[in-house]
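J.: Handing you this structure, nothing more for now.
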Amino acid sequence: MSKSIGLVGARGDVGAEMLTLLGQHPEFECVFACSSSQAGDLVQQHVPAAPEGLVFENLTPDEAAARKVDALVLCLPDGHAATWCPAFEGTDTVILDVSSDHRFTDAWTYGLTEHFRTDIQHSTRISNPGCYATARQLALRPVVDDLAEPPHGFGVSGYSGAGRTPSPRNDPEALADGVTPYKLVHHTHEREMSRHLGTPVRFSPHVAPFFRGITFPVQAKLHHETSEAELLERSQALYGNDPLVHVTQEIPRVQTMVDHDGAIVGGFSVNPERPNEVAVVCVIDNLRKGAAGQALQNLNLALGCDEALGLDPIWQESTA
Ligand SMILES: NC(=O)c1ccc[n+]([C@@H]2O[C@H](COP(=O)([O-])OP(=O)(O)OC[C@H]3O[C@@H](n4cnc5c(N)ncnc54)[C@H](OP(=O)(O)O)[C@@H]3O)[C@@H](O)[C@H]2O)c1
C-alpha cells in the first residue's frame with residue numbers, strides 16, 4: 001500500500017529534488033507540494049520529473065495536517081520549521097526536517113542513516129543532516145575513536161548548496177574561475193559534526209562554480225601509526241553492508257556523484273614519514289545524499305520500506 005507524503009518548501013532546490021525522487025518512487029505518493037510563490041502552477045511546469053497532476057498549494061500548517069499524510073517533509077530555510085510542527089502533535093505523521101532547526105535537539109533523531117539507522121526506523125521526528133556534515137562524518141567515522149587532535153576538513157560545494165535566494169555564493173558569474181572560502185570558523189555544520197561525532201572537528205567550507213556536488217577531503221592525526229590498507233579495511237568493515245556507501249582505495253571524483261544517491265569514501269592516504277597522519281575523501285551530491293536523497297532514505301526506513309528503494313547509486317562508474 002502506498003504511503004502519502006506532503007512537501008513544504010517544494011519550489012526550492014531541495015524541494016525540487018525531492019519532487020523528482022518522489023515522482024519515481026514505487027511506494028510513495030506526493031499528495032501535496034507547498035509553495036507560496038508558485039501556488040496554482042502545475043508542478044511539472046517547473047520540475048518535469050515531478051509526479052503528474054500535482055499543483056503547488058499555499059497551505060497553512062493546520063490545512064496540511066488535515067490531509068493526514070504518512071510523512072511531512074519540511075524543505076524550508078533555517079528558522080521556519082518550528083511553525084509547522086504543533087499542528088501535527090498527537091498524529092502518527094513522520095516529520096522530516098531538512099533544515100538545521102532540529103539538528104541540535106535531543107528529542108529529534110539525527111538522520112545520518114548509516115550511523116543512526118535503528119533509531120531512524122523507530123522515529124517520527126527526523127532531522128536530516130547538513131550536506132557537508134554528511135560527507136565529513138561518513139569519511140571520519142571509521143577513525144573517530146583514534147583521533148589525537150581535532151581533525152581538519154576542507155569541504156568544497158557546488159553553489160546549489162546556497163539555495164535559490166540570490167547571493168554571491170550562488171551567483172555563477174561571481175564564482176566563475178575560482179573556489180571561494182567562507183565562514184571559516186564556527187560554521188553550523190562544524191558544530192553539527194562535532195556534536196554528532198562526539199568530538200571537536202574543524203572545517204573550512206568553500207563554494208565552487210559547479211552546480212551540485214561536494215568533495216570533502218579530511219586530514220587527521222591518530223594516536224597510533226596506521227597504513228592505507230588498514231584504513232581501507234576499517235571503512236569496508238563499517239560500510240560493507242550499506243547499500244548507499246561505496247568504499248574504494250581510489251580518490252573519488254565529485255563529478256561521479258552528480259544526480260546520484262549515496263556516497264563514495266576513498267583516497268585513503270598515510271604520510272610515509274609520520275604514519276599517524278592520514279587523509280580520506282568523501283564525495284556526495286549535496287542535493288541527494290546531502291539533502292533529498294538522504295531524506296528519502298530515512299523516510300524509507302521510517303515508513304517500513306527497503307532503505308534504498310527509489311534511489312540510484314552509481315558505483316560501477318565510480319570505480320571504472
Ligand atoms: N541546498 C542544499 O544543498 C541543502 C542541503 C542540505 C540541507 N539544505 C537545507 O534545506 C532547506 C532548503 O534549502 P534549499 O536550498 O532548497 O532552499 P531554497 O532553494 O532557498 O528554497 C526554500 C524553499 O522554502 C520556501 N521559502 C522561502 N522563504 C521562505 C520563508 N521566509 N518562509 C517560508 N517558506 C519560505 C520557498 O518557497 P516559496 O517562497 O515559494 O514558498 C522554497 O520552496 C534549507 O534549510 C537548507 O539549509 C539545503
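We did not get these values from a lab; they are worked out from the coordinates using the rules stated. Values in this document were obtained by computation on a predicted structure and should not be read as measured data. Cβ atoms come from the backbone with ideal geometry, glycine included; neighbour counts cover every protein chain shown.
J.: State whether region 179-231 is rounded, prolate or oblate according to the following rule on the C-alpha gyration tensor (a ≥ b ≥ c being the square roots of its eigenvalues): a/c under 1.5 gives rounded; otherwise a/b larger than b/c gives prolate, and the remaining case gives oblate.
T.: Oblate, because a/c is 1.5 or more while a/b does not exceed b/c.
J.: Using a ≥ b ≥ c from the Cα gyration tensor of region 205-320 (square roots of the eigenvalues), is it rounded, prolate or oblate, where a/c under 1.5 gives rounded and otherwise the larger of a/b and b/c decides, a/b for prolate?
T.: Prolate is the answer for region 205-320, as a/c is 1.5 or above and a/b outweighs b/c.
J.: Do the sum for the chain: with -39,500 (n - 2.57) for every DSSP H run of n ≥ 4, divided by all residues, what is the mean residue ellipticity at 222 nm, to the nearest 500 deg cm²/dmol?
T.: On the way: 10 runs with 80 residues, N = 320.
Helix-only estimate at 222 nm: -6500 deg cm²/dmol.
J.: Report, for the chain, the % of DSSP beta bridges that are antiparallel, rounded to 5.
T.: Within the chain, antiparallel bridges account for around 40 percent of the total.
J.: Using each residue's phi in region 268-280, evaluate 6.51 cos²θ - 1.76 cosθ + 1.60 at θ = phi - 60° and report the 3J(HN,Hα) Karplus result to the nearest Hz, with x for Gly and Pro.
T.: Residue by residue, region 268-280 yields 4, 9, 10, 5, x, 8, 9, x, 9, 9, 10, 9, 8 Hz.
J.: Show me 176-189, 18-31, 234-247 ranked by packing, highest mean number of other Cβ atoms within 10 Å first. Write down the numbers at each step before the final one.
T.: Working: 176-189: 12.5, 18-31: 20.1, 234-247: 17.7.
Highest mean packing first, the order is 18-31, 234-247, 176-189.
J.: Rounded, prolate or oblate: which fits region 207-268, taking a ≥ b ≥ c as square roots of the Cα gyration tensor eigenvalues, rounded meaning a/c under 1.5, else prolate when a/b beats b/c?
T.: In terms of gyration-tensor shape, oblate.
J.: In sequence order, what are the phi-derived ³J(HN,Hα) couplings for region 292-299 according to the Karplus relation 6.51 cos²θ - 1.76 cosθ + 1.60 with θ = phi - 60°, rounded to whole Hz, with x for glycine and proline?
T.: Per residue, the Karplus-derived 3J(HN,Hα) values read 5, x, 5, 4, 5, 4, 5, 5 Hz.
J.: Just rank HIS260, HIS224, fewest to most, by other beta-carbon atoms within 10 angstrom. Display every interim value, and only then the final one.
T.: Numbers: HIS260 22, HIS224 9.
In order of increasing Cβ crowding within 10 Å: HIS224, HIS260.
J.: What FRET efficiency, computed as 1/(1 + (r/R0)^6) with R0 = 30 Å and r the Cβ-Cβ distance, is obtained for PHE104 and GLN236, rounded to the nearest 0.05?
T.: About 0.40, to the nearest 0.05.
J.: Same structure, new question: I want to check a number: in the chain, how many lysine pairs have alpha carbons closer than 24 Å, given a sequence separation of 8 or more or different chains? Can you show the working numbers first?
T.: Values: LYS3/LYS68; LYS3/LYS289; LYS183/LYS221; LYS183/LYS289.
Final tally of qualifying lysine pairs is 4.
J.: Apply 1/(1 + (r/R0)^6) to the Cβ-Cβ distance of ASP62 and ASP92, taking R0 = 22 Å, and write down the FRET efficiency to the nearest 0.05.
T.: The pair ASP62/ASP92 has a calculated efficiency of 0.80.
J.: Follow-up. Using the Karplus equation 6.51 cos²θ - 1.76 cosθ + 1.60 (θ = phi - 60°), what ³J(HN,Hα) coupling, rounded to whole Hz, does each residue of region 138-147 give in order, writing x for Gly and Pro?
T.: 4, 5, 8, 3, x, 10, 5, 7, 10, 6
J.: Further, regarding this structure: Just add up the charged neighbours of GLY161: K/R +1, D/E -1, any other residue whose Cβ is under 9 Å from the Cβ of GLY161.
T.: Details: positive: ARG169, ARG212; negative: ASP13.
Counting the neighbours of GLY161, the net charge comes to +1.
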